[in-house]
Amino acid sequence: MKAPNPCLTCGACCAFYRASFYWAEADDATPGGVPAELTTKLDDFRRMMIGTSGSTPRCIALEGEIGKEVRCTIYENRSSVCRNFPASWADGKPNERCDKARAVWGLSPLEPDSWDDMTEAA
């Protein structure tokens, strides 16, 4: 039996950090990009995902319950800031920002074996 991908049960980063990125990553400038209607202008060079600013951020593209089961509704079209944010140990290294977001949501940090558990159990 496979264990679930830790990112599919987390979502803490999507409900803690502002997701801002270069304006041309949106689909009104780049076909297949981030849906522009889910973004707002941050400044002359950057957009951000709606819902990710303020004291209680939560990305408009995030569905589900943090720490239980979540999904990104635009996963294939997500921005570079999301693509380049590794969960702790997903790439063999801890990510302090991931750990911080998880802590705010009452979740323990991911461990190296969080990813090993995704293989078939013997």
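The values are calculated or read from the model by the stated rules, or taken from the named source; none is laboratory data. Note that the structure is a prediction, hence the values are computed from the model and not measured. Virtual Cβ from ideal backbone geometry, glycine too; neighbours counted across all protein chains shown.
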Could you go through region 107-115 and let me know if any residue there is assigned to a loop (DSSP other than H, G, I, E, B), within 19 Å of LEU8 (Cβ to Cβ) and in contact (Cβ under 8 Å) with a residue 24 or more places away in the chain. yes
Can you find even one residue in region 10-26 that is of a type in the set (Asp, Glu), surrounded by 14 or more Cβ atoms within 10 Å (Cβ to Cβ), touching a Gly at 6+ places or on another chain (Cβ under 9 Å) and in a loop (DSSP other than H, G, I, E, B)? no
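Residue-by-condition table, conditions (1) among the hydroxyl-bearing types (Ser, Thr, Tyr); (2) modelled with pLDDT under 95; (3) exposed (fewer than 13 other Cβ atoms within 10 Å of the Cβ); (4) part of a loop (DSSP other than H, G, I, E, B):
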| site | (1), (2), (3), (4) |
| --- | --- |
| ALA3 | no, yes, no, yes |
| CYS7 | no, yes, no, no |
| ALA29 | no, no, no, yes |
| GLY54 | no, yes, yes, yes |
| PRO57 | no, no, no, yes |
| ILE60 | no, no, no, yes |
| VAL81 | no, no, no, no |
| PRO86 | no, yes, no, yes |
